[in-house]
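The values are calculated or read from the model by the stated rules, or taken from the named source; none is laboratory data. Computed from a predicted model, the values in this text were never measured in an experiment. Please note: Cβ atoms are built from the backbone with ideal geometry, for glycine as well, and neighbour counts cover all protein chains shown. Note: accessible area is taken over every heavy atom of the protein model, side chains too, but ligands, DNA and RNA are not part of it. Shrake-Rupley method; radii C 1.70, N 1.55, O 1.52, S 1.80 Å.
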Amino acid sequence: MTRSSLSNVHSHSATHVRAEVEVEDTSVLLALAGASEATFKAIAAELDVEIGLRGTVIHVSGQGDRVALVERFLLEAVDTLSSGIRLTTADMIRGLRFMRRDGSLSLREMFTDLLVVTPNKRTISPKTPNQKRYLQSIRTHDLTFGIGPAGTGKTYLAMAMAVQSLAEHKVKRIILARPAVEAGEKLGFLPGDLAEKVNPYLRPLYDALHDMMDFEKAQALIQRGQIEVAPLAFMRGRTLNDCFVILDEAQNATSDQMRMFLTRLGHASKAVVTGDITQVDLPSGHCSGLVEARSLLGHIEGISFCTFTEVDVVRHPLVQKIILAYESRDKAQKREAEPNHEP
């Protein structure tokens, strides 16, 4: 059971508010507080409030609107944790930030879109509102594009959806494809056969796959042909029926390659295309097929485009700052390159 109360305290020229939230379930309280009350310390730093725990009661004080936000957040976090959903301190602070940006957001709704990935029954959930919308788009569209910076979960969530679809027999195969940008001369100098030469380009897909299922299980499915990891060029001439197909790093697909891939989609299949249009590694003069597809296909019903930004990055917090720094640099260089730019 959870109880809360608010009271106003006038101090100097500002009105301070105090709130108390009692959490009787000690296991939920411990999960909420985090190790050494890490969650409470992070909340205090994020919103400049005072927050502490005495017994089973969480005490919060500070500016009225911020205390009200913390109280609402705590109540929703208790509700979410009580339902069996596991949240880390990073998850909760991320949720707090989104609730602060959008007062209509519900913490529980954000984290309750669970994917159950077999065989170990591991659950994966979206960490941001855009990730939740992305999962909903994949469910309701046969072709979904996920565009945004690295670390936003584009490929990882698509992979989780694919593994779940295979486990639930919604598809017969998973096909994971990636462009091998240097599939010409430079690969020719590498030792081994073609599979060995392109394997470094496909390693991130294997890593995501093995993160969701036991290595032996994944290898068995690959041996049986139920999971295929291949360079994009291997898709030519095929019709992909009853498949969940993921094209990763699609910004490095040429216009012709993107057209070829998108026209492979067959009966009862679903495709997800992911990429970061700010990280195109194609040789100069080659148009990114992902950039072109966004322009050509954005108006077609049945195709969904989901855009991620730096706020959706779920890696180390520094990654968001790094992305913003490079984006600022890119914008400054673009302004300098404009014909009418004055130094």
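Observations, loosely collected:
- T278 satisfies every condition listed in (1) more than 18 Å from A167 (Cα to Cα); (2) in contact with a strand residue (DSSP E or B) (Cβ under 9 Å, 6 or more places away or on another chain); (3) of a type outside the set (D, E); (4) in contact (Cβ under 8 Å) with a residue 60 or more places away in the chain except (2).
- If the condition is being small (G, A, S) and over 13 Å from I147 (Cα atoms), then the stretch 296-330 contributes G302, A325, S328.
- Summed over the stretch 81-122, the residues that are at pLDDT 80 or above, of a type in the set (S, T, N, Q) and within 20 Å of the chain's Cα centre (by Cα) give a count of 3.
- Residue satisfying all of: in the stretch 44-67; without any contact (Cβ under 8 Å) to a residue 40 or more places away in the chain and closer than 15 Å to E22 by Cβ; most open to solvent (accessible area, probe 1.4 Å) among these: R54
- Every residue from the stretch 133-159 that is closer than 18 Å to G266 by Cα and either open to solvent by 20 Å² or more (accessible area, probe 1.4 Å) or not in a helix (DSSP H, G or I) (or both): R139, T140, H141, D142, L143, T144, F145
- Taking the criterion of being modelled with pLDDT of 85 or more and in a loop (DSSP other than H, G, I, E, B), the residues of the stretch 200-235 that qualify are R224, G225, Q226.
- The number of residues in the stretch 160-181 being part of a strand (DSSP E or B) and open to solvent by 20 Å² or more (accessible area, probe 1.4 Å) comes to 2.
- Within the stretch 256-281, restricting attention to residues that are small (G, A, S) and under 14 Å from I175 (Cβ atoms), the residue that is nearest to the chain's Cα centre (by Cα) is A271.
- Per the listing F145, F98, the residue uniquely under 22 Å from T307 (Cα atoms) and touching a strand residue (DSSP E or B) at 6+ places or on another chain (Cβ under 6 Å) is F145.
- Residue satisfying all of: in the stretch 68-89; free of Cβ contacts under 8 Å to residues at least 60 places away in the same chain and hydrophobic (A, V, I, L, M, F, W, C); surrounded by the fewest Cβ atoms within 10 Å (Cβ to Cβ) among these: I85
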